[in-house]
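Structure first, then comments.
The values are calculated or read from the model by the stated rules, or taken from the named source; none is laboratory data. Note that the coordinates shown come from a computational prediction; the quantities given were computed from them, not determined experimentally. No Cβ is skipped: glycine too gets one built from the backbone with ideal geometry, and neighbour counts run over all protein chains shown.
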Amino acid sequence: MIKVSVLYPHADGKKFNWDYYLQNHWPLVKNLLGAACKEVTVDAGIAGGVPGSPPVYTAMGHMFFDSVESFIGAFAPNAEAIIGDVANFTDIQPQVQISEVKL
């Protein structure tokens, strides 16, 4: 199992529209990726590791797939629509990491 994480770094003055992200973006992503995407989780950053510090990431979206190949097969034909929707909810440049789930 692999996890594809899309991370939105926290930065003062940046916008992030949670309503759009949750009500429009994720339904779009799940619909386009179809059955290849086994599960989705979304985290909202609330604080950093030091008391009183801001979160490292404003938001983190995680998608789970059986393999890198299944992710690429589902994402590649839909990349333009998915990536193109990001500007509708944020001006933060997302970072992407693909991880192997160990536990």
Here the residues within the stretch 89-100 that are surrounded by fewer than 11 Cβ atoms within 10 Å (Cβ to Cβ) and of a type in the set (Asp, Glu) are 100
Count of the stretch 36-88 residues which are in contact (Cβ under 8 Å) with a residue 40 or more places away in the chain, surrounded by 14 or more Cβ atoms within 10 Å (Cβ to Cβ) and in contact with a Lys or Arg (Cβ under 8 Å, 6 or more places away or on another chain)
5
Which of (1) surrounded by fewer than 13 Cβ atoms within 10 Å (Cβ to Cβ); (2) of a type in the set (A, V, I, L, M, F, W, C); (3) in contact with a strand residue (DSSP E or B) (Cβ under 7 Å, 6 or more places away or on another chain) is the odd one out, the single condition residue 11 does not satisfy?
(3)
What is the residue count in the stretch 15-74 for residues that are in a strand (DSSP E or B), touching a Gly at 6+ places or on another chain (Cβ under 6 Å) and not polar (S, T, N, Q)?
2
Quick check: anything in the stretch 51-58 aliphatic (A, V, I, L, M), at pLDDT 95 or above and closer than 17 Å to residue 13 by Cβ?
yes
